[in-house]
Amino acid sequence: MERRKIGLYLGAIVLALWVLLPIYWMANLSLQSEIEIYTVPPFYFAPHPSINNYWFSFDIESAVKYFLTQGQALSLFIPGVMKDFPRSILNSVIVGVTVMIYNILAGTLGAFGLTRIKFKGAMPLFYASIAGRLIPPVVIAVPYYVIIKSVGLLDNLVAVILVHIMFTMPFTIWILNTYLLTIPTDIEDAARVEGYSYLEILRKVTFPLIGPAVVAIGITSFMISYGEFFFALLLTQSAASHTMPVIIGSAVSVPRVTKGLICSMGMIGILPAIAIVILFRRYLIGGLVAGAVK
Amino acid sequence: MLALCLVPALTPLFLFGFYPLAYAFYLSITFYNLKTNIPPHFIGFGNYAALVSDSAFLISTTSTLIFAALTIPLIALLSLGEALLLSNNFKGVKALQVLALVPWGIPVVVSGSIYRFIFDLNFGVFNDIAMKLGLAHEYISWLSVDWIAMLIVALAYLWVQTPLPTLLLLAGIQSIPKELHEAASIDGAKPLAHFRMVTFNWLKPVLFIVLVYASLMALWCFDPIYVITMGGPANFTKLITFFTYERMFYFLDFGQAGAVTILILGITVLLIYLYFRALRLGALRLRV
């Protein structure tokens with residue numbers, strides 16, 4: 001038994017290190033000045049921890065001034081897109097939350113229609129919505145770009161939101177559908193006998209019952225949308241519509257980039273998502289499980 | 001009339017999913033290259049034929065296969081191992097379950113940036129560690145060694161892609177009825193047989209979902225390539241999605257790009273069918 005315990009704790013330590021080391025390294029770099037970061041060998045602990053980089057993330061102008069006073073010796077480069085960072089976090093949250101709300105409302109309505117209202121074509125429509133998940137994102141890139149351009153939505157957050165909804169909806173429908181089928185319909189039947197309409201039943205009876213699944217798909221769709229890079233990169237061109245992954249993704253490949261800034265931006269960028277994981281973990285398991293396992 | 005409640009959910013799907021898919025199919029059988037003066041016209045399988053004889057395409061198909069062969073089993077094994085570990089009862093397991101889920105919330109772009117910095121030539125920490133451990137005698141540009149670059153991309157990708165399968169498998173393990181375990185114990189099953197007969201059998205449907213998920217993500221992988229290697233060294237990590245992206249936005253050859261994407265779709269469907277057969281799931285229980 002003791003050996004088993006040791007094995008478990010060893011595994012636990014390895015898992016914790018696997019998760020935490022990369023985050024630690026990002027935090028470590030974000031607390032160092034660029035001079036310290038561009039030192040050989042690297043510092044394993046920030047020698048003079050400072051949150052300067054976090055201030056600079058929201059105020060690139062003063063970062064530029066600061067680096068000028070540091071002299072040209074470092075010849076660091078601050079990519080222009082970085083100045084849009086504050087706006088991009090806001091944009092990412094706007095996109096994520098809109099996608100989440102749309103998924104919750106339209107997904108519940110759709111899954112309710114598929115499972116509770118008997119009509120011809122429910123099954124084909126269900127399979128069609130699941131099959132939507134199999135469409136590779138890159139397949140629809142060109143056609144979608146052309147459509148968006150022709151309706152003049154290029155460089156607009158709406159374009160990003162619409163394509164994210166398209167990605168997330170199949171999963172939403174699937175999870176909600178399976179969850180709906182696991183709960184007994186007795187109460188709903190009783191409500192129908194009482195003379196409630198379908199929409200009233202959905203609102204007053206069914207919606208509260210499927211709470212965990214709704215929370216789970218809400219979170220999942222937020223996560224997918226918040227971190228999505230490919231379409232956000234294609235569809236946005238200016239400060240007004242860049243999302244956070246676009247800023248970080250296009251800045252990081254610049255040689256001699258200000259790494260500390262990227263790391264502090266990354267730390268800020270992962271906060272909302274991590275907070276959500278920790279806060280709603282219980283619902284995630286409860287909601288996704290019924291859909292996946294049953 | 002009541003079917004109207006499907007409209008808000010399915011409209012985006014058909015308008016921005018299936019319609020573009022049909023359009024991509026149209027592109028795949030059309031000559032459509034904006035870098036030439038030739039107007040778009042029907043060429044049948046011409047794009048496919050051009051691709052098959054294009055060495056760049058073959059290289060990126062190979063690298064996609066390597067990446068898939070590397071990451072699909074790894075995601076399945078890592079997440080199964082993690083889930084088995086987290087299903088045990090020991091002090092701090094609840095906190096570890098939350099911790100294991102954290103990378104899921106991290107955008108792939110951010111994960112890619114971290115790993116890019118870690119494996120940086122002059123200022124990355126990995127070179128320093130390798131030197132101190134005596135694994136290397138000088139700083140090595142890891143990202144320009146083809147296989148290692150591939151491994152680094154896979155690492156950044158695995159880090160964010162294992163938590164969700166872990167969550168699903170953990171939930172599956174926790175839903176195993178106690179009677180099954182008891183029955184196996186009474187029969188005196190050895191640990192390995194116990195795992196195979198009870199846990200693995202019960203987890204098959206979840207494992208199917210995990211394999212499908214891992215395959216889709218591997219075939220569609222784009223973000224870590226863009227952030228870490230940009231397809232290099234020597235196109236070794238130029239996965240098929242990145243190849244398509246270049247065909248579209250640098251070469252402006254929409255016909256060939258369309259053809260590649262249809263091929264990706266075909267491989268996706270084929271893989272799903274194979275898993276389905278391999279795990280002998282019988283009827284896929286999409287509906288209970």
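Quick note: the coordinates plus some simple rules give every number you see, no bench work behind them. This is a predicted model, so every value here is computed, not measured. In this analysis, Cβ positions are derived from the backbone assuming ideal geometry, glycine residues included, and neighbour counts consider all displayed protein chains.
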- Task: Can you spot the lysines whose alpha carbon is less than 30 Å from B:Lys35's alpha carbon? Ignore those fewer than 8 places along the same chain.
- Result: A:Lys149, B:Lys238
- Give me the angle, in degrees from 0 to 90, between the Cα long axis of helix A:122-131 and the longest principal axis of the Cα atoms of chain A, rounded to the nearest 10. 10 degrees
- B:Phe31 long-range amide H proximity, modeled H, under 5 Å: B:His41, B:Phe42, B:Ile43
- Message: What are the ³J(HN,Hα) couplings of the stretch B:21-37, residue after residue, when phi is run through the Karplus curve with 6.51, -1.76, 1.60 and θ = phi - 60°? Round to Hz, x for glycine and proline.
- Response: 5, 4, 5, 5, 5, 4, 4, 5, 10, 10, 7, 8, 10, 6, 7, 10, 8
- Taking 7 Å along the Cα-to-C-beta vector as the label spot, tell me the A:Val193-A:Ala131 distance in nanometres, rounded to one decimal. 4.0 nm
- 10 Å Cβ neighbours from other chains, averaged over peptide A:121-129: 3
- Query: What is the order of A:Phe126, B:Phe243, B:Phe25, fewest Cβ neighbours within 10 Å to most?
  - Reply: B:Phe25, A:Phe126, B:Phe243
- Message: I need the Debye-formula profile for the stretch B:203-247: one equal scatterer per C-alpha, no solvent, reported as log10 I(q)/I(0) at q = 0.18, 0.28, 0.29 1/Å, two decimals.
- Response: -0.57, -0.92, -0.96
- Query: When a footprinting reagent is the concern and you count Cβ atoms within 10 Å, what order do B:Trp202, A:Trp25 take, fewest first?
  - Reply: B:Trp202, A:Trp25
- Between B:His137 and A:Ile101, what FRET efficiency comes out of the Förster formula 1/(1 + (r/R0)^6) with R0 = 45 Å and r the beta carbon distance, rounded to 0.05? 0.20
- Note on the structure: By the C-alpha gyration tensor axes a ≥ b ≥ c (rounded if a/c is under 1.5, else prolate when a/b exceeds b/c, else oblate), the shape of the stretch B:137-288 is oblate
- Query: So what J values fall out for the stretch B:253-268 if you push phi through Karplus, 6.51 cos²θ - 1.76 cosθ + 1.60 with θ = phi - 60°, rounded to Hz, Gly and Pro as x?
  - Reply: 9, 6, x, 5, 4, x, 4, 4, 5, 5, 4, 4, 4, x, 4, 4
- Task: Please work out whether the stretch B:28-257 counts as rounded, prolate or oblate from its C-alpha gyration tensor, where a ≥ b ≥ c are the square roots of the eigenvalues and a/c under 1.5 means rounded, while otherwise a/b larger than b/c means prolate and anything else oblate?
- Result: oblate
- Taking each residue of A:16-22 in turn, how many C-beta atoms of other protein chains fall within 10 Å of its C-beta, and what is the average? 6
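By counting other Cβ atoms within 10 Å of each Cβ, how are A:Val142, A:Val151 ranked from fewest to most?
In order of increasing Cβ crowding within 10 Å: A:Val151, A:Val142.
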- Output ³J(HN,Hα) for the stretch A:157-163: one whole-Hz value per residue in order, computed from phi by the Karplus curve 6.51 cos²θ - 1.76 cosθ + 1.60 with θ = phi - 60°, and x for Gly and Pro. 4, 4, 4, 5, 4, 4, 6
- List every residue whose amide H lies under 5 Å from the amide H of B:Asp120, counting only residues 5 or more places away in sequence or on a different chain, with H placed 1.01 Å from N in the peptide plane. B:Val125, B:Phe126
- Query: Can you give the average number of partner chain beta-carbon atoms within 10 Å of each beta-carbon in peptide A:109-115, as a whole number?
  - Reply: 5
- Query: Got the relative contact order for the stretch B:28-257 handy, in percent, Cα pairs under 8 Å and 6 or more residues apart?
  - Reply: 34 percent
- Query: When the C-alpha atoms of the protein assembly as shown are aligned to their principal axes, what extent does each axis show, in angstrom, from largest down?
  - Reply: 79, 74, 47
- Message: Looking at chain A as a GNM with Cα springs under 10 Å, which of A:Ser62, A:Ser221, A:Ser30 has the largest mean-square fluctuation?
- Response: A:Ser62
- Computed over the stretch A:2-80: relative contact order in percent, which uses C-alpha pairs under 8 Å that are six or more apart: 21 percent
- Note on the structure: With Cα springs under 10 Å, the Gaussian network model of chain A assigns the largest mean-square fluctuation among A:Lys149, A:Lys65, A:Lys259 to A:Lys65
- Query: Got the relative contact order for chain A handy, in percent, Cα pairs under 8 Å and 6 or more residues apart?
  - Reply: 32 percent
- Task: Residues in the stretch B:140-181, backbone N under 20 Å from the label point at B:Ile129 (7 Å along the Cα-to-beta-carbon vector): list them, ranges by number please.
- Result: B:140-163
